[in-house]
1. Could you tell me which residue of the range 33-51 is farthest from the ligand (Cβ to nearest atom), considering only residues that are within 18 Å of Ala151 (Cβ to Cβ) and of a type outside the set (Gly, Ala, Ser)?
2. Scan the range 8-23 and tell me whether some residue there is in a helix (DSSP H, G or I), at pLDDT 95 or above and within 30 Å of Pro105 (Cα to Cα).
3. Looking at Gly28, Gly54, which one is within 16 Å of the ligand (Cβ to nearest atom), under 18 Å from the mean Cα position of the chain (by Cα), on the phi > 0 side of the Ramachandran plot and surrounded by 14 or more Cβ atoms within 10 Å (Cβ to Cβ)?
4. Exactly one of (1) more than 16 Å from Gly44 (Cα to Cα); (2) in a strand (DSSP E or B) is unmet by Thr116. Its number?
5. Answer yes or no: is there a residue in the range 187-194 that is within 14 Å of Tyr52 (Cα to Cα), touching a residue at least 40 places away in the same chain (Cβ under 8 Å) and either more than 14 Å from the chain's Cα centre (by Cα) or open to solvent by 10 Å² or more (accessible area, probe 1.4 Å) (or both).
6. Examine the range 114-128 for a residue that is open to solvent by 20 Å² or more (accessible area, probe 1.4 Å), in contact with a strand residue (DSSP E or B) (Cβ under 9 Å, 6 or more places away or on another chain) and away from the ligand (no atom under 16 Å from the Cβ), and state whether such a residue exists.
7. Identify, from the list Ser84, Ser102, Ser93, the residue that is in contact (Cβ under 8 Å) with a residue 12 or more places away in the chain and within 12 Å of the ligand (Cβ to nearest atom).
8. In the range 199-228, what residues are in a helix (DSSP H, G or I) and either acidic (Asp, Glu) or modelled with pLDDT under 95 (or both)?
Amino acid sequence: MPSFKDRARLIYWQLRARTHFNRNDVHGALHRAWAYVHATQLSGDYYEFGVYRGHSLISSWLSYRRCNGRILNSKDLPYERKGSVANFMSHQSMFYGFDSFSGMPENDEGEDTLATGTFMATEQSTRELCAAVGLKAPRLRLVPGFFSDNAHAIGSAPAAIVHLDCDLYLSTRDALNMIGPRLVQGSVLLCDDHDLFRASNDKGQRRALREFLEQSQIELEPWFAYGAASRAYLCHVPNRDGQTAPQ
Ligand SMILES: C[S@@+](CC[C@H](N)C(=O)[O-])C[C@H]1O[C@@H](n2cnc3c(N)ncnc32)[C@H](O)[C@@H]1O
């Protein structure tokens, strides 16, 4: 059961979701990503690697609901809800959350803030917090355990938005290798920890992204920077237009 403080926070977040678009933080980034996904009718799921207590997962869900609701409930759309719009709206995006739920794995990145066991949260409390804003099964799939053990839990639909919030090089590398086959033309990649390690290209997310791009045919187009150290990218993926399920 979420605490009184958590419940008050969730009510505030639900009200605040209306004003997310112009924020230059993770909430603004998630809102902008969902607005883009709806504007371009990119059918797909939301993947978060690094959930902790579920705050950004919930923020993403609230933004999704708001963007989706605007199309579902608006009486004066300049287009009809049929054809490509109906196709897009028929896909109910899944929200995947991958986390050890035992904190950061062992690592030699040398940052005390990212030491083994930091960011400890329980799957149960995260699940309860998500449920308090209506994010629950079957739309929610929390996958406990280290990423490298859970590639089988990746769904079959394209990834509309991938949120990498796992800080470390090895964790980001594992996440990218898992989700790579689900990236399609236009998928959004949100890299929360892009400029950690003083923006070194040889550490953390920068290193993982560089190596991933070297070994795949995917190109990343810089979209915008947000927060203290985060970047958003749009994926260019040859021969995967997102209209058909990737293999
Ligand atoms: C900064 S926290 C995520 C914050 C979260 N998105 C939020 O909104 O508060 C990073 C999370 O990544 C998880 N993590 C990092 N590497 C992981 C790995 N290889 N496998 C599973 N979980 C991992 C940690 O357990 C931690 O909860």
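The values are calculated or read from the model by the stated rules, or taken from the named source; none is laboratory data. All values derive from a computational prediction rather than experimental measurement. Neighbour counts run over all protein chains shown; Cβ positions are idealised from the backbone, glycine included. Remember, those area values only see protein heavy atoms, side chains included, never the ligands or the DNA or RNA. Shrake-Rupley method; radii C 1.70, N 1.55, O 1.52, S 1.80 Å.
1. Asp45
2. Scanning the range 8-23, I find no residue that is in a helix (DSSP H, G or I), at pLDDT 95 or above and within 30 Å of Pro105 (Cα to Cα), so the answer is no.
3. On the way: Gly28 fails: on the phi > 0 side of the Ramachandran plot.
Among Gly28, Gly54, only Gly54 is within 16 Å of the ligand (Cβ to nearest atom), under 18 Å from the mean Cα position of the chain (by Cα), on the phi > 0 side of the Ramachandran plot and surrounded by 14 or more Cβ atoms within 10 Å (Cβ to Cβ).
4. All conditions are met except number (2).
5. Within the range 187-194, the first condition is being within 14 Å of Tyr52 (Cα to Cα), and the residues that meet it are 192.
Imposing the further condition that a residue be touching a residue at least 40 places away in the same chain (Cβ under 8 Å) reduces the set to 192.
Checking which are either more than 14 Å from the chain's Cα centre (by Cα) or open to solvent by 10 Å² or more (accessible area, probe 1.4 Å) (or both) leaves us with 192.
Yes, that holds for at least one residue.
6. Of the residues in the range 114-128, the ones open to solvent by 20 Å² or more (accessible area, probe 1.4 Å) are 115-120, 122-125, 127-128.
The next check asks that each one be in contact with a strand residue (DSSP E or B) (Cβ under 9 Å, 6 or more places away or on another chain); those that pass are 119, 123, 127.
Subsequent filtering for residues that are away from the ligand (no atom under 16 Å from the Cβ) retains none.
Looking through the range 114-128, none of the residues is open to solvent by 20 Å² or more (accessible area, probe 1.4 Å), in contact with a strand residue (DSSP E or B) (Cβ under 9 Å, 6 or more places away or on another chain) and away from the ligand (no atom under 16 Å from the Cβ).
7. On the way: Ser84 fails: within 12 Å of the ligand (Cβ to nearest atom); Ser93 fails: within 12 Å of the ligand (Cβ to nearest atom).
Only one candidate qualifies: Ser102.
8. Here is the first cut: in the range 199-228, the ones in a helix (DSSP H, G or I) are 199, 204-215.
Answer for the range 199-228, where residues must be in a helix (DSSP H, G or I) and either acidic (Asp, Glu) or modelled with pLDDT under 95 (or both): Glu211, Glu214.
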